[in-house]
Amino acid sequence: MAAVMSDHAHGDHHGPTGLMRWITTTNHKDIGTMYLVFSFIMFLSGGVMALTIRAELFQPGLQVVQPEFFNQLTTMHGLVMVFGAIMPAFVGFANWQIPLMIGACDMAFARMNNWSFWLLPPAATLLIGSFFVPGGATAAGWTLYAPLSVQMGMGMDMAIFAIHIMGVSSIMGAINIVVTILNMRAPGMTMMKMPLFCWTWLITAYLLIAVMPVLAGAVTMVLTDRHFGTSFFSAAGGGDPVMYQHIFWFFGHPEVYIMILPAFGIISQIIPTFARKPLFGYASMVYATASIAILSFSVWAHHMFTTGMPAVGQLFFMYATMLIAVPTGVKVFNWVATMWRGSMTFETPMLFAVGFIFVFTMGGFTGLICAIAPIDIQVQDTYYVVAHFHYVLVAGSLFALFAGAYYWLPKWTGHMPDERIGKLHFWCSIVFFNITFFPMHFLGLAGMPRRIPDYALQFADFNMLASIGAFGFGLSQLIFLAAVVKCVRGGEKAAARAWEGAEGLEWTVPSPAPHHTFEEAPVVK
Amino acid sequence: MTASGRIAAENRRLLVRLAVAAVVMFGFGFLLVPFYEKICEVTGINNLLKPDTAVNTQIDLTRTVTIQFDGNIHDLPWQFRPLQTQISVHPGELATVAYEVSNTRSEPVTGQAVPSYGPQLAGQYFRKLECFCFARQTLAAGEKRTMPVAFVVDPGLPEDVKVITLSYTFFEIAGRRLAGDGAGGRS
């Protein structure tokens with residue numbers, strides 16, 4: 001962070017310096033940077049947990065960790081990656097880019113923006129700190145299913161409070177983004193002229209406002225079941241553990257789209273730049289994003305096909321889920337059509353974007369397979385599901401984040417990222433990613449259950465392969481760190497329009513973007 | 001400046017609306033609880049606490065089904081057992097069995113029995129007309145009680161099901177003991 005600070009020192013920044021500058025800042029660029037640094041630290045923490053899991057699964061039998069700790073690791077890996085890494089990273093992009101893209105001088109509520117960020121470090125401390133309390137961290141799985149979550153030790157309470165705090169932070173961030181986009185656009189920037197990244201974030205922010213409170217409600221019910229004698233989920237007191245799953249997934253499925261829609265937005269910025277063509281089917285992209293968001297509220301029970309739902313319910317949720325493939329297919333088609341006959345070059349952001357389309361689509365197809373109720377009942381809770389959601393979350397959300405980071409680094413730092421390091425990072429990531437997660441499809445089809453520290457001997461070879469891939473993938477992320485540090489420190493000077501084919505207001509301000517931009521709103525024709 | 005003042009006021013108005021929406025959605029999460037219970041009640045998915053009605057009283061004398069009984073307690077200072085481990089009935093025939101339960105603690109304890117069936121499929125053909133599981137049971141200190149279950153196996157039971165296991169588990173009603181020892185997070 002020191003390097004970033006010195007980099008900003010020449011801007012016309014006034015006020016406290018040193019640490020207080022970061023604690024008191026209300027500048028959207030500073031806050032965006034803090035979000036990104038925070039999410040990268042959480043990404044590395046969650047990654048260390050994942051590697052411990054893969055080390056244990058390298059061979060059958062128990063070698064590295066005890067089963068109790070293994071369960072804590074799988075749970076915390078999920079919570080940290082979802083709430084600590086992916087979601088704050090997208091909010092960081094929103095903070096940096098949305099005001100620049102719509103020609104606003106800052107976010108609508110700068111002080112609240114500071115609060116949204118500074119709630120996160122205490123929440124993360126609470127979450128990670130739960131490893132060190134008696135009984136350890138929560139081990140109920142990241143979904144925190146009752147009745148297990150009603151029984152755990154105080155680590156569970158810490159996780160619940162951490163989720164409350166992170167939920168409040170997300171909701172404040174989402175409100176800020178909606179107000180900024182609706183009220184602060186430059187003259188002439190109509191809704192249908194907005195860059196697609198702003199559109200996807202606007203829709204995501206509405207999803208956040210709608211479902212984060214529902215998650216807060218669900219974990220509050222777990223908390224009162226644990227301590228205040230209520231019986232929302234306890235069968236003995238007239239409650240129902242299956243109801244927890246309904247409430248959780250009412251949040252959980254829109255949450256999946258909260259983590260992927262901004263990724264769609266980033267990809268929709270990058271592909272046109274490097275294909276040197278406007279985005280194909282802009283309006284259909286907007287409508288597809290909105291349809292995905294609306295449909296996401298009617299598919300939650302496809303996570304629950306094995307809970308003894310009536311066949312009519314299974315059929316409804318199965319067809320509704322398959323319907324989501326239509327707008328998603330529209331998006332993939334539009335990206336490919338944008339590239340069609342474009343003058344393409346493959347700089348690092350474009351490599352990650354094309355890699356995203358290829359690997360994310362594979363994850364989309366396995367999702368379609370999981371949507372089919374009779375198949376899902378076979379693969380429920382196996383490594384097939386683990387493979388599916390890592391294809392869409394790692395190769396989807398995370399690759400899009402990398403693509404976006406390389407794409408906007410010139411604007412953030414004033415230097416072009418080193419292409420050789422970036423390309424090395426891309427090829428290592430995509431190769432090791434597939435070595436890690438592709439064998440998991442076979443493991444799942446052969447019946448290996450997820451979240452178990454030991455496995456039968458016939459699964460040994462694929463698990464060893466997956467573990468080797470995982471360590472390769474984990475170490476590859478240090479290349480990203482090196483690329484970013486090198487780019488912050490120096491490198492080829494970036495022009496205002498850092499990429500030849502880039503369009504949009506953010507490329508009209510100098511690189512690095514000065515501390516204050518668009519104090520006079522630009523006029524968009 | 002009036003223009004920026006107008007935008008600030010506009011922003012605040014939208015902020016309040018969105019914040020209200022968030023609070024409403026928090027309430028909606030809790031509203032899902034009665035909504036869920038209503039759906040279960042209307043569709044009859046989860047009627048553990050109501051007697052069934054025997055729709056067809058025709059006794060199918062051509063086949064016999066063996067019913068096995070089982071009783072478990074979960075984290076409760078009770079002794080709980082069926083007085084007969086198995087009986088044979090014809091589908092459609094009314095049968096009554098009894099379970100015995102005793103409280104070994106020196107204070108009253110309230111519990112709730114939850115039934116389950118093996119095979120699971122048999123559950124929907126097993127009609128309990130009377131059962132101690134329809135209500136919470138409070139046992140005084142050291143009290144011993146014999147409790148009946150009256151049931152009919154529906155003649156629609158698939159031919160290949162020859163044995164049905166009826167298993168009850170007694171749970172202590174949550175909250176009664178938690179207040180006493182002050183530690184909610186028991187594992």
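The values are calculated or read from the model by the stated rules, or taken from the named source; none is laboratory data. What you see is a predicted model; the values in this text were computed from it and never measured. Cβ placement follows ideal geometry from the backbone for every residue including glycine, while neighbour counts extend to all protein chains displayed.
Of the strands (runs of 3 or more DSSP E) lying entirely inside the range B:125-187, those containing at least 3 residues that are modelled with pLDDT of 85 or more and among the charged types (D, E, K, R) are B:126-130. Can you confirm whether the range A:50-61 contains a residue that is among the hydroxyl-bearing types (Ser, Thr, Tyr), part of a helix (DSSP H, G or I) and under 17 Å from the mean Cα position of the chain (by Cα)? For the range A:50-61, residues among the hydroxyl-bearing types (Ser, Thr, Tyr), part of a helix (DSSP H, G or I) and under 17 Å from the mean Cα position of the chain (by Cα): absent. Only one entry in A:Trp300, A:Trp340 is exposed (fewer than 15 other Cβ atoms within 10 Å of the Cβ) and in contact (Cβ under 8 Å) with a residue 40 or more places away in the chain, namely A:Trp340. Screening the range A:221-232 for residues that are at the interface with chain B (Cβ under 8 Å from one of its Cβ atoms) and part of a helix (DSSP H, G or I) and picking the one that is farthest from B:Tyr36 (Cα to Cα) gives A:His227.
In the set B:Asn46, B:Asn72, B:Asn11, only one residue is assigned to a loop (DSSP other than H, G, I, E, B) and either within 13 Å of another protein chain (Cβ to nearest Cβ) or modelled with pLDDT under 90 (or both); that residue is B:Asn46. Here A:Phe70, A:Phe117 are screened, and the one residue that is assigned to a helix (DSSP H, G or I), of a type outside the set (Val, Ile, Thr) and crowded, with 22+ Cβ neighbours inside 10 Å is A:Phe117. Among A:Val219, A:Val242, A:Val214, A:Val256, which is in contact (Cβ under 8 Å) with a residue 24 or more places away in the chain and under 22 Å from A:Val394 (Cα atoms)? Unique residue meeting the criteria: A:Val256.
Criterion applied to A:Met112, A:Met184 was being at the interface with chain B (Cβ under 10 Å from one of its Cβ atoms), among the hydrophobic types (A, V, I, L, M, F, W, C) and surrounded by fewer than 19 Cβ atoms within 10 Å (Cβ to Cβ), and the one residue passing it is A:Met112. Across the range A:176-198, which residue is farthest from A:Gly32 (Cα to Cα) among those that are more than 24 Å from the chain's Cα centre (by Cα) and of a type in the set (S, T, N, Q)? Within the range A:176-198, the match that is farthest from A:Gly32 (Cα to Cα) is A:Thr190.
Scanning the range B:133-150 for residues that are away from chain A (no Cβ under 14 Å) and either closer than 24 Å to A:Ser231 by Cα or more than 17 Å from the chain's Cα centre (by Cα) (or both) yields a total of 11. Just checking, how many residues over the range A:102-141 are closer than 30 Å to B:Glu10 by Cβ and within 21 Å of the chain's Cα centre (by Cα)? Residues flagged as closer than 30 Å to B:Glu10 by Cβ and within 21 Å of the chain's Cα centre (by Cα) within the range A:102-141 amount to 8. From A:Thr366, A:Thr361, grab the single residue that is modelled with pLDDT of 95 or more, among the polar types (S, T, N, Q) and over 18 Å from A:Ser268 (Cβ atoms). Result of the check over A:Thr366, A:Thr361: A:Thr366.
Condition test on A:Gly135, is it facing another protein chain (nearest Cβ under 10 Å) and surrounded by fewer than 17 Cβ atoms within 10 Å (Cβ to Cβ)?
Taking the combined requirement at face value, the residue satisfies it.
The listed residues are A:Val64, A:Val48, and the only one of them that is among the aliphatic types (A, V, I, L, M), in contact with a Ser or Thr (Cβ under 8 Å, 6 or more places away or on another chain) and surrounded by fewer than 24 Cβ atoms within 10 Å (Cβ to Cβ) turns out to be A:Val64.
With respect to A:Leu208, determine if the residue is within 11 Å of chain B (Cβ to nearest Cβ) and modelled with pLDDT of 95 or more. Yes; evaluated as a whole, the condition is true for this residue. Kindly indicate whether A:Ala162 is among the small types (Gly, Ala, Ser), within 30 Å of A:Asn183 (Cβ to Cβ) and either in a helix (DSSP H, G or I) or within 11 Å of chain B (Cβ to nearest Cβ) (or both). So A:Ala162 fails the test. For the range A:139-159, filtering for residues that are outside any helix (DSSP H, G or I) and away from every other protein chain (no Cβ under 11 Å) leaves 7. Per this entry, A:Val385 is not counted among residues that are without any contact (Cβ under 8 Å) to a residue 40 or more places away in the chain, among the aliphatic types (A, V, I, L, M) and assigned to a helix (DSSP H, G or I).
Looking for whichever is surrounded by fewer than 13 Cβ atoms within 10 Å (Cβ to Cβ) and either at the interface with another protein chain (Cβ under 9 Å from one of its Cβ atoms) or in a loop (DSSP other than H, G, I, E, B) (or both) here; the options are B:Leu61, B:Leu32, B:Leu18. Which one fits? Outline the logic, then answer.
Numbers: B:Leu32 fails: surrounded by fewer than 13 Cβ atoms within 10 Å (Cβ to Cβ); B:Leu18 fails: surrounded by fewer than 13 Cβ atoms within 10 Å (Cβ to Cβ).
Of the residues listed, the single one that is surrounded by fewer than 13 Cβ atoms within 10 Å (Cβ to Cβ) and either at the interface with another protein chain (Cβ under 9 Å from one of its Cβ atoms) or in a loop (DSSP other than H, G, I, E, B) (or both) is B:Leu61.
Within the range B:107-123, the set of residues being more than 11 Å from chain A (Cβ to nearest Cβ) and either loosely packed, with under 14 Cβ neighbours inside 10 Å or out of contact with any helix residue (DSSP H, G or I) (no Cβ under 6 Å at 6 or more places or on another chain) (or both) comprises B:Glu107, B:Pro108, B:Val109, B:Gly118, B:Pro119, B:Ala122.
For every residue, the table says whether it meets (1) in a helix (DSSP H, G or I); (2) surrounded by fewer than 21 Cβ atoms within 10 Å (Cβ to Cβ).
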site	(1), (2)
A:His441	yes, no
A:Gly447	no, yes
A:Ile452	no, yes
A:Gly472	yes, yes
A:Leu475	yes, yes
A:Ala483	yes, no
A:Cys487	yes, no
A:Gly491	no, yes
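Test of understanding: among B:Thr62, B:Thr53, B:Thr110, B:Thr66, which residue is hydroxyl-bearing (Ser, Thr, Tyr) and free of Cβ contacts under 8 Å to residues at least 40 places away in the same chain?
B:Thr62
Report whether or not A:Leu215 is in a helix (DSSP H, G or I), buried (at least 24 other Cβ atoms within 10 Å of the Cβ), of a type in the set (A, V, I, L, M, F, W, C) and more than 9 Å from chain B (Cβ to nearest Cβ). The answer is no for A:Leu215. If the condition is being in contact with a helix residue (DSSP H, G or I) (Cβ under 7 Å, 6 or more places away or on another chain) and more than 13 Å from A:Val91 (Cβ to Cβ), then the range A:179-191 contributes A:Val179, A:Ile181, A:Leu182, A:Asn183, A:Met184, A:Arg185, A:Ala186, A:Met189.
Go through the range A:319-356 and report how many residues are part of a helix (DSSP H, G or I) and within 20 Å of A:Ala283 (Cα to Cα). Residues meeting the conditions: 16.
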